[in-house]
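Below is one structure; the comments refer to it alone.
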Amino acid sequence: MALALGLRIDAEHLPQVADYFARLQKLSALLDDFPLPPEGDTGVPS
Amino acid sequence: VRSLLLSAAETAAAVRSGKVRAQEVIRASLDAIAATRGELNCFTDVLAAQAVADAAAIDLMIQSGGDPGPLAGVPFAVKNLYDVAGFRTLAGAKITREHRPATQDADAVRALRTNGAVLVGMLNMDEFAYGWTTENTHYGPTKNPHDHARTPGGSSGGAGAAVGAGVVPIALGSDTNGSIRVPAAFCGVYGLKPTYGLLSRAGTRLLSTSLDHVGPLAGSAEDLAIAFRSLQGMVPRKTADEHPIPSIHQLRVGLVSNEFGEAMPDAWSAVEAVAASLPVSRKVQIPEVDRARAAASLITASEAATAHRDTLQRRAKELDPLIRDRLLAAALLPATTYVHALGFKAWFRSQLVTVFRDLDVLITPCTPFFAPVIGRTGVDTSTKLSIGRFTQPFSLAGFPALSVPVKSDTALPVGVQLVAAPFGEALLLDLAAYLERAGIVGRWPLQRTAVKT
């Protein structure tokens, strides 16, 4: 995937990048569990 | 003259009245910078020749009967992501040394100079402002002026340290997730993140377009107000004259509930000290703060990786290793994650709008702990990620927030965050001034810096 995006990650840096990516995925999972209002209805009061 | 470096208001008054020449003030600031530069490493560039020339022009204007403005002769410095005509904008990076010098000042720089302030230098920061501690691999770590073994916070760490050390009374920082308020808290000064979109970011190197704010740090509530109003392009006046608080007891003040986030007991003690002098009517629960922090982190990551995508593809090895690996990970995030985080941002903002229908001001801790010790092993990743625990949610919502330094017997500075509804800056600045007059808040005394007054 990194290559497809034009990114080169050296082997020595891979563990750190993987660790950060795992953290971001964890944060993303937090949001995935949250049901947002339907599109067009952000809940912002008029 | 050196004592004037602690107060922009007093400096400007002395210069405008002819009691002190701007050149004397600027030379004192430059001397103070030189005396502390090696130890604190706040500055990446000191613009001595230009500053002395600008000060001479101000003195000439005063001698000719003119008025340079409400910041006449006041030295200030800017985080090195603001364009300054004739100089390279480094943004904490090495590769930016190859860029051409800026051809014009950023709007915020121009606003302060137009009001008579004199730019004396550009300040250290985390690379691309993507950090919390100003431990910059290219330019070295900036030290906390109150304990040189500790970080001043980040990413506007140079700004926090320079104001905290008393070498300039005002500095400009930027705040994506807390990068003005955290250094202000760690360095014992005031910092204001205004309402999102209120101040022009033109001429600044952005990290996250959805969350970036520009704003001032200062050593007093009055100086913060003068700087903010100058940035708005308004003629600064005394805050109390412009927006009087009819009665402090009429304010609807809320205290954030403990569920908002874990913090050291001293942080909550500071909050209680501020709350004790205000009519706190209730505890306030902010919904979904963990998700708000997550959304802010994801939006920042996605937008930062986008902003620096070309560099990541071509010259990643030349980036600060502390930043590079995080940006590379961020570049791999799917667009769906980013879009979902933006959707949550809109929802969370609507929730805060509802909360502030019955509230004028919310009081929260600013940071969960004191300034951490410098060192990659000393400040681990989990610590870095939690430094912005209390500031991130209000960045996400774009609400104005002000960090005040609380007077306490703690060994290190501790800040409290005051939050208002959008465009409530005047209220926050008035409240900070009120707390200062009441003796609850005030700049942390200089103890270990080379500049004593």
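What follows is calculated from the coordinates using simple rules that are stated; it is not laboratory data. As the structure is a prediction and not an experimental result, all values here were calculated from the model. Backbone-built Cβ (ideal geometry, glycine too); neighbour counts: all protein chains shown.
For the stretch B:66-149, the relative contact order is 33 percent, taking Cα pairs closer than 8 Å that sit 6 or more residues apart in sequence and dividing their mean separation by the residue count.
Ranked by how many other Cβ atoms sit within 10 Å of their own Cβ, fewest first, the residues B:V416, B:V168, B:V274 fall in the order B:V274, B:V416, B:V168. At a Förster radius of 30 Å, what calculated FRET efficiency corresponds to the Cβ-Cβ distance of B:M264 and A:K26, to the nearest 0.05? E(calc), rounded to 0.05, equals 0.75.
Mean separation of Cα pairs under 8 Å and 6 or more residues apart, divided by the residue count, gives the stretch B:1-108 a relative contact order of 27 percent. By other beta-carbon atoms within 10 Å, ranking B:I33, B:I248 with the fewest at the front produces B:I248, B:I33. Summing charges over all other residues whose Cβ lies under 13 Å from the Cβ of B:R100, with Lys and Arg as +1 and Asp and Glu as -1, gives 0. Here the dipole of chain B is about 460 debye; that uses its Cα centre as origin and unit charges on the Cβ of Lys and Arg (positive) and Asp and Glu (negative). Chain B has equivalent-ellipsoid semi-axes of 30, 27, 20 Å, by the square roots of 5 times the alpha carbon gyration tensor eigenvalues, sorted largest first. Residues B:D358, B:D212 in ascending order of nearby Cβ atoms (within 10 Å, fewest first): B:D358, B:D212.
In deg cm²/dmol, rounded to 500, what helix-only [θ] at 222 nm does the protein assembly as shown give when every DSSP H run of at least 4 residues adds -39500 (n - 2.57) and the total is split over its residues? Rounded to the nearest 500, it is -12000 deg cm²/dmol.
On a C-alpha basis, how far is the centre of the stretch B:34-65 from the centre of the stretch B:431-445 in Å? Whole number, if you could? First find each Cα centre; the distance between them is then 29 Å. Taking a straight line from the alpha carbon of B:K143, these aspartates and glutamates sit under 20 Å away, with near neighbours fewer than eight places off in the same chain left out: B:D31, B:E39, B:D45, B:D126, B:E127, B:E135, B:D175, B:D320, B:D380. Taking Cα centroids, how far is the stretch B:89-137 from the stretch B:140-197 in Å? For the stretch B:89-137 versus the stretch B:140-197, the Cα centre distance is 14 Å. Scanning chain B for trypsin sites (Lys or Arg not before Pro) in DSSP loops with at most 16 neighbouring Cβ atoms within 10 Å leaves B:95-236 as the longest stretch between them.
Expressed per residue, the C-alpha convex hull volume of the protein assembly as shown stands at 137 Å³. Suppose we keep just the DSSP beta bridges with both residues in the protein assembly as shown; what percent of those would be antiparallel, to 5? Roughly 65 percent of the beta bridges in the protein assembly as shown run antiparallel, per DSSP.
For B:G415, neighbours were defined as the other residues whose beta-carbon sits under 12 Å from its Cβ, and their charges (Lys and Arg +1, Asp and Glu -1) total +2.
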